[in-house]
Amino acid sequence: MWGFSQSLWFILQYMSGFGNEHVSEDPRCPGALPEGQNNPQVCPYGLYAEQLSGSAFTCPRPTNKRSWLYRILPSVCHKPFKPLEEGHLTHNWDEVEPDPNQPHHLSKYFPSSAGIRFPGLHTLCGAGEPRGRNGIAVHIFVCNTSMINRCLYNSDGDFLIVPQQGKLLITTEFGKMLVEPNEICVIQQGMRFSVEVFGETRGYILEVYGAHFELPDLGPIGANGLANPRDFLVPVAWYEDRQVPGGYTVISKYQGKLFAAQQDFSPFNVVAWHGNYTPYKYHLEKFMVINSVAFDHADPSIFTVLTAKSTRPGVAVADFVIFPPRWGVANNTFRPPYYHRNCMSEFMGLIKGHYEAKEEGFQPGGASLHSMMTPHGPDADCFEKASKAKLEPERVAEGTMAFMFESSLSLAVTKWGLQTSNHLDKNYYKCWEPLKSHFNPNCK
């Protein structure tokens, strides 16, 4: 189907369920999971037991995250880490002066991926910092070269990866995942992974420090709706017992910097595992859309796929929100997104198609940032058309998938995001200039 070998297609199997207690072992080694305990004196097949903790030991059960991995060699077997300079990765939010304007990036101006290996990270914006375990960063990744004998893990937080062009074959300690545009995956803190690409590849990454993604509470919606737990997929166990005499590079993102260590074997040597702390993927077409069927808009929070909660009830460090194809049927209503000033920061991206509020000015692979309390909304052309349109049931955003990273933090744009030439649309504000007054005090 994908040009992969039959054996690889067999490997690309998944277990379903969000946050479930999963159990998996490579079928080549039946019985690799210890029975009745986590850490026996001698593990089956002479494996090493290693726990990966994603939460404090004493967290309440609903938020306690950990998995046990049974591997050929433990991950502690590597040389010392040394600084590694790659990409334009930063969490220094004071590189440039604050700017409340709406920066808008056109996809055709994103940097070339020629000769760049994944992750090829370029930080656009963020807030907070990883040492304090509170904050987020938004990155763009561009690459056309696979990670050969290299892997990455993030000590600072979780990566939510949104491919926009090109599919990603991701090998993790838990198994393999194929992630294509219109799918997302989450690689949680500390999980080692390597990425194979198949040509020009790019996308977006939301990094969250100090919190893990959860499904949003549904409240009066009830038990079903939005992103259903069964549609999240977790890889099955797969291992390789491979020596790398020339050296295997393990890259750690630690306190906002990259470091590299060498070892002489593949880290993807986990024969079996069990637990609830895993990587996972989700197809955005599975999202069950909720919408107004009478009049007015429900707020865009109804499109939330995943949330990373703050310590304040109802307030997120980050939400991942999508605007998928759906029916618009609201009567006597301006149907595109309303004009808005928000106490949250809104980073918009486009995977494919044309965003309904700016059909001509927003390209796939592009991005815009609407900072806290900075006004935003439909451009002039969209307003005029929607104000005069005959209101009939219609398909909205057909063939389109736009998304938003929304945060309660005030996001700062990086020097690369603002000052790298040829990729910033400095005329973005002009899309609202043709808006004119329709006020008539004699006409209600």
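The values are calculated or read from the model by the stated rules, or taken from the named source; none is laboratory data. Computed from a predicted structure; not experimentally measured. Cβ coordinates were reconstructed from backbone atoms using ideal geometry, including for glycine residues, and neighbour counts include every protein chain displayed. Note: areas computed on protein heavy atoms with side chains; ligands, DNA, RNA excluded. Shrake-Rupley method; radii C 1.70, N 1.55, O 1.52, S 1.80 Å.
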Could you work out what % of the accessible surface of the chain is carbon and sulfur, using a 1.4 angstrom probe and leaving DNA, RNA and ligands out of the count? 52
Taking the solvent-accessible surface of protein heavy atoms with a 1.4 Å probe, what is the per residue accessible area of segment 129-265 in Å²? 32
Take the Cα atoms of segment 122-234, build their convex hull, and give its volume per residue in Å³. 120
For segment 187-283, what does the convex hull of the Cα positions come to per residue, in cubic angstrom? 167
Against the 2.2 N^0.38 Å rule of thumb, the C-alpha Rg of segment 301-407 sits at a ratio of 1.11
Assuming 0.36 nm per residue, please report the length gained on full extension of the stretch K385 to K415 beyond their Cα-Cα distance. 7.1 nm
In what sequence, highest mean first, do 385-391, 402-408, 434-440, 146-152 appear when ranked by Cβ atoms within 10 angstrom? 402-408, 146-152, 385-391, 434-440
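Classify segment 372-441 as rounded, prolate or oblate from the Cα gyration tensor: take a ≥ b ≥ c as the square roots of its eigenvalues, call it rounded if a/c is under 1.5, otherwise prolate when a/b beats b/c and oblate if not. Intermediate results must be reported in sequence, preceding the final value.
Working: a/c = 2.06, a/b = 1.56, b/c = 1.32.
Judged from the Cα gyration tensor, segment 372-441 comes out prolate (a/c at least 1.5, a/b above b/c).
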Separation between the D94 and C443 pseudo-spin-labels, each 7 Å from Cα along Cα→Cβ, expressed in nm? 5.5
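Rounded, prolate or oblate: pick one for segment 232-299, where a ≥ b ≥ c are the square roots of the eigenvalues of its C-alpha gyration tensor, a/c under 1.5 means rounded, and failing that, prolate if a/b is larger than b/c, else oblate. Let's see the in-between values first.
Details: a/c = 4.30, a/b = 2.23, b/c = 1.93.
Prolate.
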Run lengths n ≥ 4 of DSSP H only: what is the helix-derived mean residue ellipticity at 222 nm for the chain, with -39500 (n - 2.57) per run over all residues, to the nearest 500? -1000 deg cm²/dmol
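Rg to Rh ratio, segment 23-64, alpha-carbon atoms and Kirkwood radius? Present the calculation step by step, with values, prior to reporting the outcome.
On the way: Rg = 13.0 Å, Rh = 12.3 Å.
Using Cα coordinates only, the ratio equals 1.05.
Looking only at the chain, where both bridge partners belong to it, what percent of the DSSP beta bridges are antiparallel (to the nearest 5)?
Details: 105 of 112 bridges.
The answer is about 95 percent antiparallel.
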L178 neighbourhood, Cβ < 15 Å, K/R = +1, D/E = -1, net charge 0
Quick check for you: which residues of segment 171-190 have the amide N under 12 Å from the point 7 Å beyond the Cα of K286 toward its beta carbon? 183-186
Describe numerically, in nm with one decimal, the distance between label points set 7 Å from Cα along Cα→Cβ at T374 and at Q37. 5.8
